[in-house]
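In what follows, a structure is listed as structure tokens, so that the remarks can point back to it.
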Amino acid sequence: MQFQRIRISRFGGPEVIELVEESAVPEPGADEVRIRVLAAGTGYTDGFIRRGHYPDFKGPLPYTPGYELIGTVDAVGPGVVQPELGQLVADVCVVGGYTQFAIRPASGLVPVPPGVDPAEAVCLPLAYLTAYQMLTRFRRLAAGETILVIGASGTVGTALLDLARHMGLRAIGTCSAANLETVRRFDAEAVDYRAGDFVPAVRALTGGAGVTAAFDAIGGAHFSRSFACLAAGGLIVGYGAQTMADGKESMVSAALGLCRLHVWSALPFLFGGRRGVFYGITARRKTHPEQFTCDLLALFELLRVGAIHPSVIERLPLGAARAVHERIEAGGLGGKIVLLPWG
């Protein structure tokens, strides 16, 4: 039986993406399952990996991209008791999602409740889990407190806004003018970061007090601007180095940004109790695997009951993967494009 997948044979731009047809469906080995992929999430991190800039994946090549997937268990290997055949499951695979069939370790899969839309469900394992853990695992945020979301129209940004609304938080989001309405759709206050320095604008919106928490994926020197928006005792969570990935800042600048987070964390008494932490989903999953499963199950339940609303802007076949990556690099999507491997 033939099947299709996306293959990348060398690191580079979207032009390295190719759709290939394989002659035989792979068989799962010991403690593995084969998943019939129903939905594969796309996002900025996939492009980061594709260019060879992602620290947690440097090969081997060729590989199939795709950080997250939702699918049904199609076959099980020796020793597998759970999940069962036909069960709907999710996986954060880092690579391997853009395919019709994926072989995955059984132990890393999380069950998905029946009745949910696979295209909406695939928004949760990376973007929503990142947002959820940043909002809940570093400090207790009370309803009515104010958060700042940098790049609020992106996939993690909209997840932060959606969850903030569910938690009763007040959210302020920075974005370009084209995405102001995307941010406001989540009942958040939007600030056009290109219209001027967003720091005084955020300060003005909070009556000069500042925000309780800020979430920043830009990295480098940008962390200092987000830090300047914090109220006394506030927290900045850095979760990326987008300027380095885009080639706008050097690795040295990105490293200095991380150093600032560590200094703010170690010496909060010098900064009015304000502190900083860095979040990485892969590292967090390795050190706290029980939290990964628990938090993702909680998110799937929120989706099942309609408490959260992932922004799926388009559903496309595998063959559109190159064009999707081009659109992601151009920016301004305001939501997530999902690949449906079976059309």
The range 140-191 - Rg over Rh from alpha carbon coordinates, Kirkwood radius: 0.94
Counted charge near residue 33, where neighbours are those whose Cβ lies closer than 15 Å (Asp, Glu -1; Lys, Arg +1): -3
Three-way shape label, the chain, alpha-carbon gyration tensor, a/c 1.5: prolate
Net dipole in debye of the chain [+1 Lys, Arg Cβ; -1 Asp, Glu Cβ; about Cα centre; nearest 20]: 920
The chain: most fluctuating residue of 146, 158, 206 per GNM, C-alpha cutoff 10 Å: 206
Exposure proxy ranking, count of Cβ atoms within 10 Å, fewest first, for 117, 187: 187, 117
The chain, relative contact order in percent, only Cα pairs under 8 angstrom and at least six apart counted: 18
Nonlocal amide H pairs with residue 71, under 5 Å, H built at 1.01 Å: 38, 89
Shape of the range 35-141, Cα gyration tensor, a/c cut at 1.5: oblate
GNM result for the chain, Cα springs below 10 Å: residue of 223, 271, 11 fluctuating most strongly: 271
Fraction of antiparallel bridges per DSSP, the chain only, in percent to nearest 5: 55
Of 281, 259, 61, farthest towards positive along the dipole that unit charges on Lys, Arg, Asp, Glu beta carbons give the chain: 259
The chain - mean residue ellipticity at 222 nm from DSSP helices (-39,500 (n - 2.57) per run, n ≥ 4, rounded to 500): -8500 deg cm²/dmol
Quarter of Cα convex hull surface for the range 250-343, i.e. mean projection, nm²: 10.2
Charge dipole (debye, nearest 20) of the range 139-278; +1 at Cβ of Lys and Arg, -1 at Cβ of Asp and Glu: 340
Alpha-carbon centroid distance for the pair the range 127-184 / the range 288-325, whole angstrom: 16
Shape metrics for the range 139-278, restricted to C-alpha atoms - Rg then Dmax, Å: 14.1, 40
Options 90, 132, 112, ranked by Cα towards positive dipole end of the range 57-161, top entry (Cβ charges): 132
Most mobile listed residue (252, 191, 25) in the chain, GNM with C-alpha springs under 10 Å: 252
Residue-count net charge about residue 228 - beta-carbon cut-off 10 Å; Lys, Arg +1, Asp, Glu -1: +2
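Rule-based calculations on the coordinates, nothing more; no lab input. Not measured: the values here are computed from a predicted model. Counting neighbours? That spans all protein chains shown, and the Cβs are built from the backbone with ideal geometry, glycine included.
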